[in-house]
Amino acid sequence: MSTKRSPASAKRAAAAAAAAALAAGRRFARRLYGTITILTLLAGGLTAANLAKLPHPNSTSALTRSSASADFALYTLQRDTGKDNTGVKKPDTIRGTSLSGTGEPTAIVSAPRIQEYAALPSALAVVTINDDNTSSLEIVSLAGGPPTLVPLPSLGTVANLHAAGSKHLIGFTFTASSATGQYWKTLFVYDVDNPSAGPRPVQGINGTVSAADWRFVPDAATLVVRTDDGSMFLIDALEPGKVSPLGTHAGILGFVPGTNELAVADPGLRKGIDPLRYSTISLATGTPAPLKLTGTSATDPANGVTASAGQPLVLDGSGQYVQVVRKYDAGKEASAVILTGKNGPRQFYQPSAAWSRILDLCVSPARDYLAIETAPPEYAGDQYPVLPEPFPMRTDLVDLKTGRVLKSVPGFLPSWCG
C-alpha cells in the first residue's frame with residue numbers, strides 16, 4: 001500500500017496544521033496583549049512583524065520581591081543620555097527617596113527610555129517608549145516582580161499620565177499612530193485593582209473626551225478636563241453621565257490646597273495687552289470667584305535686563321502663591337522662586353550657580369515642602385518624542401517655612417506634581 005497522501009489529503013493536512021498554528025498564535029497574542037489587539041492583528045495578518053510591533057514591557061523592577069510594598073515620600077525620574085562601553089544608551093531610572101537621612105535615593109524601575117510615570121500607593125504606572133516611538137504603559141509593583149502591561153486600544157502614544165492614588169485609578173490621553181485612527185488625545189481611565197476591565201474612555205456630554213489638559217481632583221475619582229477649545233468640565237470617572245460644565249478658560253492652574261476649589265487662568269480683557277486674569281471655581285457649586293494674583297513680570301529699561309514670571313502656584317486659601325521668575329541678561333538666564341503673601345512678594349529660593357535654571361515646581365501633599373526642578377545653565381536636550389527635557393536635571397526639596405533646602409535628588413517629574 002502506498003504511504004503517499006493524495007493532493008487533497010495533503011492540502012487538508014496543511015490547512016489543519018496552519019489552523020492549529022494560527023489558533024496557537026491567537027492564544028499567545030491574546031495572553032500578550034488582550035482582545036482589542038488580537039482583533040487588530042487578525043485584520044492585518046498574524047505575522048512576526050506584527051507581533052514585533054506590539055507594545056511590550058520595557059521596564060525592569062530594581063526591587064527585591066517582597067510581600068510588603070516599598071514606602072517612599074517622593075519619586076523622581078532620572079533620564080540618562082549617555083552610552084555604555086558597547087554603545088548602548090544607558091537606562092533611565094525612577095528613584096524613591098525619604099525626607100529624612102542623607103542616603104542616596106533607591107532605584108525602583110529602569111527602562112531604556114521612560115517618558116513619564118505616576119505613583120499609586122502600591123505601584124508605579126510607567127510610560128515607556130518603544131523603538132518605533134509608540135508607547136507602552138506598564139504597572140510596576142512596589143513589592144517587586146515583573147511589570148504588567150496595560151492593554152492600549154491600538155498602537156499609539158500615551159501622554160498626560162496622572163494617578164488618583166486613593167482610588168487606585170490612573171488616567172492618560174491616547175493618540176493612535178495612524179492618521180486614520182479614531183483616537184486623538186482621548187482620555188482613558190484604568191483601575192489597577194481591576195485589570196481585566198481594561199482602560200475605559202472617559203465620557204463627556206457628547207461622547208468620549210479629547211483632553212488638552214486634565215487632572216484628578218485630590219482624593220477623589222472625579223477629574224477636571226480642559227478641551228482644545230478651552231471648555232472645562234468636572235467629570236465622574238466611574239459613573240458615566242455625571243458631567244458638570246465649568247465654563248471656558250485659558251488654563252488649569254491647579255487645585256487650591258485645603259479647599260474644594262480649582263484655580264484657572266483667562267486672557268486679559270484686551271487680549272495680548274492686559275495680563276492674565278485668575279479665578280477660582282467651587283467644585284461643589286461651579287461658581288467662579290476672582291483670584292487676585294499680582295504678576296511679577298517686568299523689564300528694566302536702564303540695563304536691558306528682562307524678567308518673566310511663570311504660572312503662579314497657589315499655596316492656600318488665603319491666596320499666598322509662588323512663581324518662578326526668570327531674568328535674561330546678555331543671553332544668560334538666572335531663575336528664582338518668588339513667594340507672594342499678605343506682606344507682598346519676596347525672594348524665597350534661588351538655586352546654586354551650577355543649577356541656575358528652574359524648570360518647574362510643585363508643593364508636597366502636606367503643603368510643607370516645595371519640589372523645585374532645576375537644570376544647569378547650559379544643557380543638552382534629551383530629544384525624547386514626547387515630554388522632552390533638558391539633561392541633566394535635579395530636584396531640590398525646600399522647606400516652605402524656612403526656605404532651607406532639605407535635600408537634592410537626581411531627576412525631575414517629582415511625584416508630588418502628579
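The values are calculated or read from the model by the stated rules, or taken from the named source; none is laboratory data. All of these numbers come straight from a predicted model, not from anything done at the bench. Methodologically, a virtual Cβ is constructed for each residue, glycine included, from the backbone with ideal geometry; neighbour enumeration extends over all protein chains shown. Each accessible area value is taken on the protein alone, full model and side chains, heavy atoms only, with ligands, DNA and RNA left out. Shrake-Rupley method; radii C 1.70, N 1.55, O 1.52, S 1.80 Å.
For Lys90, indicate whether it is open to solvent by 60 Å² or more (accessible area, probe 1.4 Å) and touching a Lys or Arg at 6+ places or on another chain (Cβ under 6 Å). No: the conditions fail for Lys90.
Return yes when Gly310 is among the small types (Gly, Ala, Ser), within 21 Å of Ala212 (Cα to Cα) and at pLDDT below 95 and no when it is not.
Values: among the small types (Gly, Ala, Ser): yes; within 21 Å of Ala212 (Cα to Cα): yes; at pLDDT below 95: yes.
Taking the combined requirement at face value, the residue satisfies it.
Of all the criteria given as (1) open to solvent by 30 Å² or more (accessible area, probe 1.4 Å); (2) modelled with pLDDT of 90 or more; (3) under 17 Å from Leu283 (Cβ atoms); (4) among the hydrophobic types (A, V, I, L, M, F, W, C), the one not satisfied by Ala212 is (3). Evaluation of Pro218 against the conditions (1) at pLDDT 90 or above; (2) open to solvent by 50 Å² or more (accessible area, probe 1.4 Å); (3) farther than 26 Å from Leu315 by Cβ shows that the sole unmet condition is (3). Picking from Leu77, Leu142, Leu120, Leu99, which residue would you name as being touching a helix residue (DSSP H, G or I) at 6+ places or on another chain (Cβ under 6 Å), under 25 Å from Leu397 (Cβ atoms) and in contact (Cβ under 8 Å) with a residue 24 or more places away in the chain? Result of the check over Leu77, Leu142, Leu120, Leu99: Leu120.
Return the residues of segment 63-96 that are among the basic types (Lys, Arg), modelled with pLDDT under 95 and within 24 Å of Ala163 (Cβ to Cβ); say none if nothing qualifies. If the condition is that a residue be among the basic types (Lys, Arg), modelled with pLDDT under 95 and within 24 Å of Ala163 (Cβ to Cβ), then Arg65 is the only one that fits.
Please enumerate the residues belonging to segment 365-382 that are in contact (Cβ under 8 Å) with a residue 24 or more places away in the chain and open to solvent by 10 Å² or more (accessible area, probe 1.4 Å). Listed by number, the residues that qualify are Pro365, Arg367, Asp368, Tyr369, Glu373, Pro377, Ala380, Asp382. Answer yes or no as to whether Glu373 is under 21 Å from the mean Cα position of the chain (by Cα) and closer than 23 Å to Phe72 by Cα. Taking the combined requirement at face value, the residue satisfies it.
I need the full set of residues from segment 224-251 which are more than 19 Å from Leu313 (Cα to Cα) and outside any loop (DSSP other than H, G, I, E, B), in order please. I'd like the intermediate steps shown before the answer.
Quick first cut of segment 224-251, residues more than 19 Å from Leu313 (Cα to Cα) only: 227-248.
Ser231, Met232, Phe233, Leu234, Ile235, Asp236, Val243, Ser244, Pro245, Leu246, Gly247, Thr248, listed by residue number.
Would you mind stating whether Arg113 is buried (at least 19 other Cβ atoms within 10 Å of the Cβ), closer than 30 Å to Leu370 by Cα and touching an Asp or Glu at 6+ places or on another chain (Cβ under 7 Å)? So Arg113 passes the test. Of everything listed in (1) touching an Asp or Glu at 6+ places or on another chain (Cβ under 9 Å); (2) open to solvent by 50 Å² or more (accessible area, probe 1.4 Å), the single unmet condition for Val243 is (2). Scanning segment 274-307 for residues that are in a loop (DSSP other than H, G, I, E, B), more than 30 Å from Asp219 (Cα to Cα), modelled with pLDDT of 75 or more and more than 29 Å from the chain's Cα centre (by Cα) yields a single hit, Asp274.
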